[in-house]
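Visitor: I'd like to ask you about the structure that follows.
The values are calculated or read from the model by the stated rules, or taken from the named source; none is laboratory data. No experiment lies behind these values; they were computed from the predicted model shown. Methodologically, a virtual Cβ is constructed for each residue, glycine included, from the backbone with ideal geometry; neighbour enumeration extends over all protein chains shown. In case anyone asks, the SASA skips ligands and DNA or RNA and just uses the protein heavy atoms, side chains included. Shrake-Rupley method; radii C 1.70, N 1.55, O 1.52, S 1.80 Å.
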Amino acid sequence: MKLFDSHCHLDDEKFNIDREELIESLFKEGIEKLITVGYSLESSKKVIEIANSYPRYICNLWNITK
């Protein structure tokens, strides 16, 4: 079974210290894709930056088919 998280906020500052480890651990646990969501203009810019850093794991509306 393929699993994905359809709504997460990986831009939250509480993930600043371990974001990479968190993303890797989710993948190892069977979550194949994440859709991370911005809640403001600044947050959305950060989400784009994060998604572009982890294209194997993170989808956004503009690159959901990757």
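Visitor: Name the longest site-free stretch of the chain, where the excluded sites are chymotrypsin sites (Phe, Trp or Tyr not before Pro) in a DSSP loop with no more than 11 other beta-carbon atoms within 10 Å.
Guide: The longest uninterrupted stretch comes out as 1-38.
Visitor: So, one more: Ordered by residue, what ³J(HN,Hα) values in Hz, to whole numbers, does segment 39-50 give under the Karplus form 6.51 cos²θ - 1.76 cosθ + 1.60, where θ = phi - 60° and Gly and Pro are x?
Guide: Taking θ as phi minus 60°, the curve returns 10, 7, 4, 5, 5, 5, 5, 5, 4, 4, 4, 5 Hz for segment 39-50.
Visitor: Can you give me the long-range amide H partners of Ile58? Hydrogens built in the peptide plane at 1.01 Å from N, cutoff under 5 Å, separation of 5 or more residues or another chain.
Guide: Amide H neighbours of Ile58, under 5 Å, 5+ apart: Leu34.
Visitor: Given a 1.4 angstrom probe, I'd like the percentage of the accessible area of the chain that is carbon and sulfur, rounded to a whole number.
Guide: 56
Visitor: Turning to a different aspect of this structure: Among all the aspartates and glutamates, which ones have a C-alpha under 14 Å from Lys2's C-alpha, if same-chain residues fewer than 8 places away are not counted?
Guide: Output for Lys2: Glu29, Glu32.
Visitor: Moving on to the next point. Please list Val37, Val47 from largest to smallest accessible area, probe radius 1.4 Å, with all protein chains kept in place.
Guide: Greatest to least solvent exposure: Val37, Val47.
Visitor: Using only alpha carbon pairs under 8 Å that are at least six residues apart, calculate the relative contact order of the chain and give it in whole percent.
Guide: The normalised contact order for the chain reaches 35 percent.
Visitor: Which of the aspartates and glutamates could a cross-linker span from Lys28 if the Cα-Cα distance has to be under 13 Å and same-chain partners fewer than 8 positions apart are dropped?
Guide: Glu20
Visitor: Here's another thing I want to ask about it. As a check on your grasp of the helix formula, calculate [θ] at 222 nm for the chain: sum -39500 (n - 2.57) over DSSP H runs of n ≥ 4, divide by the residue count, round to the nearest 500.
Guide: Helix-only estimate at 222 nm: -10500 deg cm²/dmol.
Visitor: Tell me, what is the per residue accessible area of segment 1-57 in Å², probe radius 1.4 Å?
Guide: 72
Visitor: If you take all C-alpha pairs in the chain, what percent of them are over 17 Å apart?
Guide: 34
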